Amino acid sequence: IVPIHSIREDEESGLSVICMPYAGRTTLRDVILALWQSDQAPTRASDILAAAQGMDAEPMDQRSACQVPRVLERGSFEEGVTFVGLKMAEALCHAHAHGVFHLDQKPSNVLMDNAGCPRLLDFNLASDREAGIPRVGGTMSYMSPEQGRCFLEQSDGAVLDHRSDIFSFGV
């Protein structure tokens, strides 16, 4: 999960400014598109790493929170996909353990740093157990059925919880 250093609210405009470390601009969506627009199908986990590194010009050591995982250097493509999926599942597990539901998980809300480490971000629609009923919104193609029903019926999100995130993760 991308860490938040501070949040400032402008009372006049109602806008918020969120300060977080720079992790580049490459998203998991960008990596997926780069891999599948290539002339050759990916075969090595290093293809994922190369796609993540290819989007940003900054050297790896200046914007990565982790070292390049061995699996992304030497593993098969399937092992690389499993690594990314596992890291995203761990991020969701951490959020859910703290009572936070993301409610807008999709590849464009996952930053990929130059070391190939995914970082979940954009908790704009997130809700927690203490905040009450979640806001309904998000991206239709990644919404769980119950989230889509709330959106289409313009009802509140009282039925939404961690299961909606798990569905979106699977998509």
Choice from Ser141, Ser127, Ser13 showing the highest fluctuation, given a GNM over the chain with Cα pairs closer than 10 Å: Ser13
For Phe101, distant residues with modelled amide H under 5 Å away: Ser127, Asp128
Computed P(r) (all Cα pairs; segment 90-132; 5 Å bins; percent): 6, 22, 28, 24, 12, 6, 2, 1
For peptides 118-124, 97-103, 108-114, sequence by mean Cβ density within 10 Å, most packed first: 108-114, 118-124, 97-103
Net charge dipole size for the chain [Lys, Arg +1 and Asp, Glu -1 on Cβ; Debye, nearest 20]: 420
Accessible surface, per residue, of the chain when the full set of protein chains is kept, probe 1.4 Å, Å²: 59
Listed residues Val171, Thr82, Phe151: farthest to the positive end of the dipole of the chain (Cβ charges): Thr82
log₁₀ of I(q)/I(0) at q = 0.15 Å⁻¹ - segment 78-171, Debye sum with one point per alpha carbon: -0.55
Among Leu92, Leu33, Leu160: highest mean-square fluctuation, GNM of the chain, C-alpha pairs under 10 Å: Leu33
Gyration tensor over alpha-carbon atoms, the chain, equivalent ellipsoid semi-axes in Å: 30, 20, 14
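The values are calculated or read from the model by the stated rules, or taken from the named source; none is laboratory data. Remember, it's a predicted structure, so these values are computed and weren't measured experimentally. Cβ sites come from the backbone with ideal geometry, for glycine too, and all protein chains shown count toward neighbours. Keep in mind that these areas ignore ligands, DNA and RNA; they rest on the heavy atoms of the full protein, side chains included. Shrake-Rupley method; radii C 1.70, N 1.55, O 1.52, S 1.80 Å.
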